[in-house]
Amino acid sequence: MALLQHVSFVPLARAMRSRSLTLASSTVAVPSLEKASQVDSRVLLGMSEKELQQLALDFGQQSYRGKQLHHLLYKRKVKEIQDFSHLPLAFRNDLQAAGWRVGRSAVYKAVTASDGTVKLLIKLEDNRLVETVGIPVEDDKGAVRLTACVSSQVGCPLRCSFCATGKGGFSRNLKSYEIVEQVLAIEELFKKRVTNVVFMGMGEPMLNMKEVLGAHRCLNKDVQIGQRMMTISTVGVPNTIKKLASHKLQSTLALSLHAPNQKVREQIVPSAKSYPLDAIMKDCRDYFLETSRRVSFEYTLLAGVNDAVEHAIELADLIQEWGPGYHVNLIPFNPIEGSEYRRPYKKAVLAFSAALESRKITVSVRQTRGLDASAACGQLRNEFQKSPLLPDSDDVQSQLGIAVAC
């Protein structure tokens, strides 16, 4: 028995070094299984097929076992290692003994709006809640496009004045697998592949760029969503747009502008004080030149604040000053509890849009979805959580077979 234990520990020791884990040690002693189970980064979700093949080899398995792992994670969406029925029981046991886990979380709450939009609250390992939204849209030909709006942080530190997420405070960055699992949860709920991903949920993606880029890679290569079907949003963080451009992604950059001048922008977005409008516009121009991907300016219309025709004219002048390659996406404000802002009348939205179009600015008005499902970013999460849930709190829904509340 002692010999068998020794033999099984050898591949486990190699597995401790997989996925670029750096475990410094001056001896060749085999790590104990108790210590191995405490290493949080041993998560399968987010790993590439090549990394999973190497992991299989590290455990003394043939490389094709890594391909099977990849299929189980991203195609079948299996949540527990013991449910990897295609893999030998000994391999499954060794993975668990070494502290590996899938990395999927439970769905704590699901709310469906009358238009089919679904918002999920996902309960993370540390009992924090994070939002993700599934938005089904049927085109003229009857084909359904399913967009997943994913969060990149638990909360947000930037505290934009109109945003429910900012009012809920900031807890931590999400890991890349915690972003990827949001897309898989949407696919499971709708029983349909996600076609588009927008990093427009809770948090500021540019303040968590490493994990966002890791999730982007996984969603593209492993979940197989095209780069051009993904959008990364930012309110503007100094020096980050240039860094993102250097990766030459074929994804859209969405800049949350919300104002045609610095004064109004600082009123709406407190962090704008550290990132002047001219500097943002220059970085957006450089992003377009570097990637050949147009930049979308997100503009939340707030009644009596930034929705006048004069604001539209000023916005058009600003955009034209910095050249082609831009698109304006107008977003009528989603009302949130306790907010001083109001949603503009449809007449004001149409007048703003017409003023931009008359000045040759490409513009669209975002269709409002899920108003009856606490659709404003961060709103549903704030209803349930100001601090971590108690460890023994029960899930309102299980991950499978969710009874969605209408």
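Every number here is computed from the coordinates shown, using simple stated rules; none is lab data. Remember, predicted model here, so these are calculated numbers, not experimental data. Neighbour counts run over all protein chains shown; Cβ positions are idealised from the backbone, glycine included.
Quick notes on this one:
- Label-point separation, Ala303 to Gln62 (7 Å along Cα→Cβ), nm: 6.8
- Computed over Cα pairs, the Kirkwood radius of region 166-242 leads via Stokes-Einstein (0.692 mPa s, 37 °C) to a diffusion coefficient of 248 µm² per second.
- Residues of type lysines that Lys273 reaches as a straight line, Cα spacing below 30 Å, ignoring anything fewer than 8 places off in the same chain: Lys167, Lys175, Lys210, Lys242, Lys243, Lys248, Lys263, Lys282, Lys360, Lys386
- Length gained on full extension, Gln227 to Ser292: 22.1 nm, using 0.36 nm per residue less the C-alpha separation.
- The phi torsions of region 282-289, fed into the Karplus equation with coefficients 6.51, -1.76 and 1.60 and a -60° offset, translate into couplings of 5, 5, 5, 4, 5, 4, 4, 5 Hz, rounded to whole numbers, with Gly and Pro shown as x.
- Net charge over other residues, Cβ less than 12 angstrom from the Cβ of Arg294 (K, R count +1; D, E count -1): +3
- When the charge dipole of region 280-343 is built from unit charges on Cβ atoms (+1 for Lys and Arg, -1 for Asp and Glu) and taken about the Cα centre, the candidate among Leu301, Ala312, Pro324 whose Cα reaches farthest toward its positive end is Pro324.
- Lys, Arg +1 and Asp, Glu -1 on Cβ, resulting dipole of region 287-363 about Cα centre, debye, nearest 20: 340
- Around the Cα centre of region 102-183, unit charges on the Cβ atoms of Lys, Arg, Asp and Glu (plus for the first two, minus for the last two) sum to a dipole of about 340 debye.
- Near-label residues of region 242-268 by backbone N, under 18 Å of a point 7 Å along Cα→Cβ of Asp278: 260-266
- Net charge of Cβ neighbours under 11 Å - reference Gln53; Lys, Arg +1; Asp, Glu -1: 0
- Using only side-chain charges placed at the Cβ, +1 for Lys and Arg and -1 for Asp and Glu, the dipole size of region 248-303 relative to its Cα centre rounds to 40 debye.
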